[in-house]
Amino acid sequence: MAVIASIALLVTEHRSSKLDTLRLSLSYIVDPLKYAIDLPSALIKQATESFGSYTALVRENANLRNEQLVRQTQLLKLDSLEKENVRLRALLENSFKLGEQVLIAELLSINTSPYDHILVVNKGTNFGVHPQQPVLDANGVVGQVFRALPLTSEIMLITDLNHAIPVQINRNGLLTIAVGSGQLNQLNLPFLPSNADIRPGDLLITSGLGGTFPQGYPVGVVDEFTSQPNKPFANITATPKSLLDRNRELMIVWSHSTPVPLISKPTISEPILNTPAPIVPTNE
Amino acid sequence: MNKTIWFCRVALTIVLAMCLRIIPWSATLELFNPDWVLLTLIYWSLALPERVGIFHAWTIGLLTDVLTGQLFGQHALAYSLVIYACLKLHKRLRQYALMQQVLFIFCALLVSQLLFFFIKNLHHPIQLTTDFWLPVITGTACWPLVYRVLRCVRLSMQTNQPE
């Protein structure tokens, strides 16, 4: 009986997503355990924060203030650049995606299965998190929301064996796909020919194709390029930019904001040749 | 009253086992982390075969699936099969010396790990490394410990009963 029931469950979950509600309801029972396990490390963190010495805090505060100042000036420039970009795109008759909403989620220090690169964070569907949302940290792309439960959600890292992310080389716009290698510090680029224009040190950014990840976030840095003369594709590896195993705070991004409309509807729409590939498929 | 105390104790040990299952170790230690839930379930099915049944194993397996974010039914299937074997053989197994029990536990854990491998592989191809079998060995090594600890729990339960 039990065997038949579990095989039926396995097959149905493999085929469809009808069992999600059952998983959601069961997760209410199990999720408190995850929080309970996380409690000691959270308490230790809180304790070190509250017993941190005064001078250390003052120093940290000064550093943060300096950093904020630098960032703010950079942001000022970014703002004008963004406006300029929107204007230029208006000339090219493309709409431009702007304004992503982020939610900061904290990692629960628990380990679910050692063979998959999946993290558990403390924000779930009660905060509006939904599957396939991109997840970033301060340095770059971390992964995407794999499964959203009411109180927690599971995040698949870009280095998971089953994860692939569409990327673009920042230097020349070459499009390709970065596939997880199963190791935390390595991505593979398996679909580039041996004569591709790519060198060690090139920055990979998200290309925005596929629709899951917003365009333009850093993913990794190419660190090795070996051409294999007897094979059609070169052997290229990259290192992820984000500190996948070291950070506790992650940002979950909503990138479904509607594209910024063109400044004004252009009156004549003469076809422009050689326009770059549109980033947002929906033209308004 | 008696029955509720019994139920609470068993449930508590299983909750503790689940906690041990997801507690964060360092990356290398994680590979050695045995399946504590299954070990606990095996003990209770051997000690109290009339109370712990396949249905319990199946339900706990389902909860473990949700806890570890695996495909639904994976742990449920493995646990119910192993517990079925335990219930069938419990009379014989209780007579065995600890070393012989350890051998049986090794087989049981190996079967469950094999099932995990098959199910995961059907879902999406995975690399099979030697690391994958480490929890079987550590689980077998942990069995005497689990056995002693849970025996203490059970005996304290029985001495409490007349009062």
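Would you work out which of A:194, A:58, A:148 lies farthest towards the positive end of the dipole of the protein assembly as shown? Charges go on Cβ: Lys and Arg +1, Asp and Glu -1.
Ranked along the dipole, the leading option is A:148.
How high is the relative contact order of the stretch B:1-136, given as a whole-number percent (alpha carbon pairs under 8 Å, six or more residues apart)?
The value is 23 percent.
Leaving out ligands, DNA and RNA, calculate the buried accessible area for the pair B and A with a 1.4 Å probe, summed over both sides, in Å² to the nearest 100. Could you put the intermediate results ahead of the total?
Working: alone 9550 and 17960 Å², together 24540 Å².
When B and A are taken together, about 3000 Å² of accessible area is lost.
Against the longest alpha carbon principal axis of chain B, how many degrees, from 0 to 90 and to the nearest 10, is the axis of helix B:74-95 turned?
Between helix and principal axis, roughly 40 degrees.
Report, in debye and to the nearest 20, how large the dipole of the protein assembly as shown comes out about its Cα centre when Lys and Arg carry +1 and Asp and Glu carry -1 on their Cβ.
Details: 34 positive and 31 negative charges, 269 e Å.
In total the dipole reaches around 1300 debye.
Looking at this model, which pairs from A:77/A:241; B:3/B:88; A:123/B:3 are more than 28 angstrom apart at the alpha-carbon? If you can, show how the numbers build up before the last one.
On the way: A:77/A:241 24 Å; B:3/B:88 24 Å; A:123/B:3 38 Å.
A:123/B:3, as the Cα separations exceed 28 Å there.
Please compute the contact order of the stretch A:155-262 in relative form: average sequence separation of alpha-carbon pairs under 8 Å and at least six residues apart, divided by the residue count, as a percent.
Values: 221 pairs, mean separation 23.6, N = 108.
Worked out over the stretch A:155-262, it gives 22 percent.
Please average, across the residues of B:59-70, the number of beta carbons from any other chain that are within 10 Å of each residue's own beta carbon, and give a whole number.
Values: counts 2, 0, 2, 7, 5, 1, 7, 11, 9, 9, 14, 4.
Per residue, the average neighbour count from other chains is 6.
Quick check: residue separation of residue A:53 and residue A:74 times 0.36 nm, minus the Cα distance between them. What number comes out in nm? The partial results should precede the final answer.
Details: separation 21, 0.36 × 21 = 7.56 nm, distance 3.17 nm.
So the chain would gain 4.4 nm between residue A:53 and residue A:74.
Measure out, as a whole number of angstrom, how far apart the alpha-carbon centroids of the stretch B:1-63 and the stretch A:118-167 sit.
Centre-to-centre (Cα) distance: 29 Å.
Hey, can you find the accessible area per residue of the protein assembly as shown for me, probe 1.4 Å, expressed in square angstrom?
Details: 24540 Å² over 447 residues.
Using a 1.4 Å probe on heavy atoms only, each residue of the protein assembly as shown averages 55 Å².
Classify the stretch B:39-136: rounded, prolate or oblate, from the alpha-carbon gyration tensor (a ≥ b ≥ c, eigenvalue square roots; a/c under 1.5 rounded; otherwise prolate if a/b is larger than b/c)?
Details: a/c = 2.71, a/b = 1.45, b/c = 1.87.
Here the stretch B:39-136 falls in the oblate category.
Taking the 0 to 90 degree range and rounding to the nearest ten, how far is the long axis of helix B:2-22 tilted relative to the main principal axis of chain B, both from C-alpha atoms?
20 degrees
Looking at B:67, B:102, B:52, which one has the Cα that reaches farthest to the positive end of the dipole of the stretch B:37-121 (charges on Cβ: Lys, Arg +1; Asp, Glu -1)?
It is B:102.
For chain B, set up a Gaussian network in which alpha carbons nearer than 10 Å are linked by springs, and say which option among B:26, B:45, B:112 fluctuates the most.
Of the options given, B:26 has the highest mean-square fluctuation.
Which FRET efficiency value, to the nearest 0.05, is calculated for residue B:158 and residue A:104 with the Förster distance at 51 angstrom and r the Cβ-Cβ distance? Before the final figure, lay out the partial values.
Numbers: r = 51 Å, r/R0 = 1.00.
Result of the calculation: an efficiency of 0.50.
P(r) for the stretch A:177-226, please, calculated from all Cα pair distances in 5 Å bins and given in %.
5, 18, 27, 28, 17, 5, 0
Classify the stretch A:1-92 from the C-alpha gyration tensor, please: rounded if a/c falls under 1.5, else prolate or oblate depending on whether a/b exceeds b/c. Numbers along the way, then the final one.
Values: a/c = 6.41, a/b = 1.42, b/c = 4.52.
Since a/c reaches 1.5 but b/c is at least a/b, the shape of the stretch A:1-92 is classed as oblate.
Just how large is the dipole of the stretch B:60-163 about the Cα centre, in debye to the nearest 20, putting +1 at every Lys and Arg Cβ and -1 at every Asp and Glu Cβ? Each step should come with its number before you reach the end.
Values: 8 positive and 3 negative charges, 88 e Å.
Charge dipole of the stretch B:60-163: 420 debye, to the nearest 20.
What average count of beta carbons from other chains do you get within 10 Å of the Cβ of residues in A:24-37? All intermediate terms of the calculation are to be shown ahead of the outcome.
Numbers: counts 1, 1, 7, 4, 1, 3, 10, 2, 1, 8, 4, 0, 4, 7.
So the per-residue partner count for this stretch is 4.
For the stretch B:73-91, list residues with backbone N below 15 Å from a point placed 7 Å from the Cα of residue A:5 toward its Cβ?
B:73-84
If you roll a 1.4 Å probe over chain B with all protein chains in place, what percent of the accessible area is carbon or sulfur? Present the calculation step by step, with values, prior to reporting the outcome.
Numbers: 5690 of 8120 Å².
So the carbon and sulfur contribution to the accessible surface is 70 percent.
Provide the convex hull volume over Cα atoms per residue for the protein assembly as shown, in Å³.
Values: hull volume 89.0 nm³, N = 447.
With only Cα atoms used, the protein assembly as shown gives 199 Å³ per residue.
Which log10 I(q)/I(0) values does the stretch B:1-44 give at q = 0.20, 0.21 Å⁻¹ under the Debye formula, counting every alpha carbon as one identical point scatterer?
Debye intensities relative to I(0), on a log10 scale: -0.65, -0.69.
If you fit an axis through the alpha-carbon atoms of helix B:98-123 and take the longest principal axis of the Cα set of chain B, what angle between them do you get, 0 to 90°, nearest 10?
Taking Cα atoms only, the helix is inclined about 40 degrees.
For A:248, A:65, A:87, give the ranking by accessible area with the largest first, probe 1.4 Å.
Working: A:248 60, A:65 150, A:87 125 Å².
The ordering from most to least exposed comes out as A:65, A:87, A:248.
The values are calculated or read from the model by the stated rules, or taken from the named source; none is laboratory data. Here the structure is a predicted model, which means the values were calculated and not measured. Note that each Cβ is placed from the backbone with ideal geometry, even for glycine, and that neighbours are counted across all protein chains shown. We work out accessible area using only protein heavy atoms, side chains counted, and drop any ligands, DNA or RNA first. Shrake-Rupley method; radii C 1.70, N 1.55, O 1.52, S 1.80 Å.
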